[in-house]
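Okay, structure first, notes after.
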Amino acid sequence: MSRKEQRRRVGILGTGDFSRALAKRLLFSGYDVILGSRKPEKKAMSAIDQCLCNVQLLSVEECIKSASIIFLAVHFDNVKELLTEHVVKLEGKILIDVSNRERPSSVTSNAELVQKMVPRCKVVKAFNVISAYAMENDYNSSSKQVFISSNSEEARDKVANIAKDMNFRPVDFGGLFAARRIEKHPLRLFPEWRGPLGFAVGVFNVWLLFLIYIYYIADSLYKWEQLFVKVLNKAFCLTGITTLSVTYLASSFATVFQIYYGTKHIRFSRWLDKWLKNRKQLGLISFALISIHVIMSVLTMSPTYFSSWYPSTAITVPANLTAPFQLKQGMWMNWKGEAACLVGIIAYVVLCCICATTFPSVTDTLNWREWRFVQSKMGHAALLLSVGHVLVMGLPEWLSKPQIIFKSITFMCSILPWITLLLKLLFSLPCVDRYVMKLRKGWERHEDKCKADCVRPVKHEGYVAIDMNAGKRMSCQDACACPDDKIPMMNIGGSDCACASDDLVLNVP
């Protein structure tokens, strides 16, 4: 057997659905595939799938002997029994664990357990985030990333090359301890969306209760039959513009904190950091809510539902008529309806353009300046147009009945957007913008002061500080003044302070 043929040969332990899909994909990628089974004489791969007629089916022992790279594709409950019998034969071979856990664990991983079973084998965690369907169908649009971790760099490189040959994108996660993160990935259920969705649902309920109060409890303006479309349409609109405002308000909060501290190197609070990271989800949720509002409004566009958008007409028919009476009437929108539709349509089109740039295929075509222009400048323009849409609808009522302005939903929902826009306008002033950009380029307002921070550890007691002033000898007690604090500082090694715990995060520039 030539060296090239030996390099292209791989073995797969297991004959289940994933094993067959993996074997087919490897076979089409130019590899010589061997399947290992405990009872090979009772199974015929070609009878299950004709594409596997060129795949050899051998015993587990013969499969391990024939290949230097082996995929472990059996249920993890059977792994210990399978590997215990072949510990010696697996020495020096690359064993790829594709299993997943039923529950996430931060203590250990399946791959680490496999490494303990066969300590002299190069265990690699990979291909567990690829489903059997995605493995078998190349046209599948799901993610093609393959996360790889192993304590052997050579083994990671070889598995990465296999992933590339199979038309996947390998992602190197480093050592085998990263298998814990990799095994958690298939168990995740929209973790980035839970907070934004919970926020949107909470805001929606608040607005809906407010609408029920002003339309049904305080005044009987609507019938309960109108709750499902007319009232809910308003709730979707109010929640959408509120969520859109919150999306762009996060950056203004971050700017306020940077100006207050006079540096960009101090870490944001956890709530603000999470808020900034969830802006994409908040923006997409607001777009979905506004889309529902647009659809409902189009379907109910009539003088009955939008009476203030159309001129009111009173027709008096004489009591005694001796001749036929014919009435021709055309209902056209007044200026309020025309202006509200125009501004609303433009705002929705701008939001559609912003939403389109979140698709990876579109994002990859934009440079940083173009992407920032769309997400920041066009985003605030869409918010301004949305406020204009609300303003056109509510301004006549505000002027005619100023005493009930705080009961007006158009006024209440525009407060937060106006705050967001005014903050953006303030930070866009040349004098403020130059100062903020100076901070973001690394300038600090108090460079002569100690930049060491007292950091409370998560699990262990004690503080850690680092003296950032070059050439100045300083102890931790002098560097961090923590009055009325009974927890002692830790000074490790001469004039420098080091981490007392791996769980600490230092806020240093």
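The values are calculated or read from the model by the stated rules, or taken from the named source; none is laboratory data. Values in this document were obtained by computation on a predicted structure and should not be read as measured data. So basically every Cβ, Gly included, is an ideal-geometry build from the backbone, and we count neighbours across all protein chains shown. We work out accessible area using only protein heavy atoms, side chains counted, and drop any ligands, DNA or RNA first. Shrake-Rupley method; radii C 1.70, N 1.55, O 1.52, S 1.80 Å.
Carbon and sulfur: what percent of region 41-181's accessible surface (1.4 Å probe)? Here it works out to 47 percent. Relative intensity of region 52-117 on a log10 scale, I(q)/I(0) at q = 0.11, 0.25 Å⁻¹, equals -0.29, -1.23, per a Debye sum over C-alpha point scatterers of equal strength in the absence of solvent. Here the relative contact order of region 90-150, from alpha carbon pairs under 8 Å that lie six or more residues apart, stands at 36 percent. Once the mean of 1/r is taken over each pair of separate Cα atoms and inverted, region 37-177 shows a Kirkwood hydrodynamic radius of 16.1 Å.
Converting phi to 3J(HN,Hα) with the Karplus coefficients 6.51, -1.76 and 1.60 and the offset θ = phi - 60°, region 228-244 yields 6, 10, 5, 6, 5, 4, 5, 5, 5, 5, 5, 5, x, 6, 5, 5, 5 Hz in sequence order, with x at every glycine or proline. Translational diffusion of region 383-446 was estimated from the Stokes-Einstein equation, with Rh taken as the Kirkwood radius over Cα pairs; at 20 °C and 1.002 mPa s the coefficient is 152 µm²/s.
Placing pseudo-labels 7 Å out from each Cα toward the beta carbon at Ala132 and Phe190 gives an inter-label distance of 2.7 nm.
Expressed per residue, the C-alpha convex hull volume of region 109-181 stands at 84 Å³. Applied to region 259-272, the Karplus parametrisation 6.51 cos²θ - 1.76 cosθ + 1.60 on θ = phi - 60° returns per-residue 3J(HN,Hα) values of 5, 5, 7, x, 7, 9, 8, 8, 5, 5, 4, 4, 5, 6 Hz, with x for Gly and Pro. The simple Förster model, with R0 at 22 Å and r as the Cβ-Cβ distance, assigns Arg181 and Asp273 a FRET efficiency of 0.65.
A Förster radius of 35 Å, combined with the Cβ-Cβ distance separating Ser59 from Glu102, puts the computed FRET efficiency at roughly 0.75. For region 195-201, 3J(HN,Hα) computed residue by residue from phi via the Karplus equation (6.51, -1.76, 1.60; θ = phi - 60°) reads x, x, 5, x, 5, 5, 5 Hz, glycine and proline entered as x.
Put simply, the amide H of Gln145, placed in the peptide plane, has neighbours under 5 Å in Arg169, leaving out anything fewer than 5 places away on its chain. Panel values: region 238-311, Kirkwood radius from alpha carbon pairs, Stokes-Einstein at 25 °C and 0.890 mPa s, translational diffusion coefficient 166 µm²/s.
Taken about its Cα centre, region 45-139 carries a charge dipole of about 440 debye when Lys and Arg each add +1 at the Cβ and Asp and Glu each add -1 at the Cβ.
Taking every alpha-carbon pair under 8 Å whose residues sit at least 6 apart, region 104-202 reaches a relative contact order of 32 percent. Counting only the backbone N, which residues of region 406-423 are under 15 Å from the spot 7 Å out from the Cα of Asn205 toward its beta-carbon? Of the residues in region 406-423, none has backbone N under 15 Å from the label point off Asn205. Loop-located trypsin sites (Lys or Arg not before Pro) in region 149-209 (DSSP state not H, G, I, E or B) with no more than 16 neighbouring Cβ atoms inside 10 Å: Arg188. Computed extension length for Asp165-Ala381: 73.2 nm, one decimal, from 0.36 nm per residue of separation with the Cα-Cα distance subtracted.
The mean sequence distance of close C-alpha pairs (under 8 Å, at least 6 residues apart), as a share of the length of region 335-409, puts its relative contact order at 45 percent. Using equal-weight Cα scatterers in the Debye expression, the normalised intensity of region 121-267 in log10 at q = 0.16 Å⁻¹ is -0.92. All C-alpha pair distances within region 151-238, sorted into 10 Å bins from zero, spread as 14, 24, 15, 11, 13, 14, 8, 1 percent across the bins. The protection proxy used here, the mean number of other Cβ atoms lying within 10 Å of each residue, ranks peptides 398-410, 236-248 as follows, highest first: 236-248, 398-410.
Relative to the 2.2 N^0.38 Å rule of thumb, region 185-229 has a C-alpha radius of gyration ratio of 1.76. More than 14 angstrom separation, counting every C-alpha pair in region 337-410; what % is that? Within region 337-410, distances greater than 14 Å cover 66 percent of Cα pairs.
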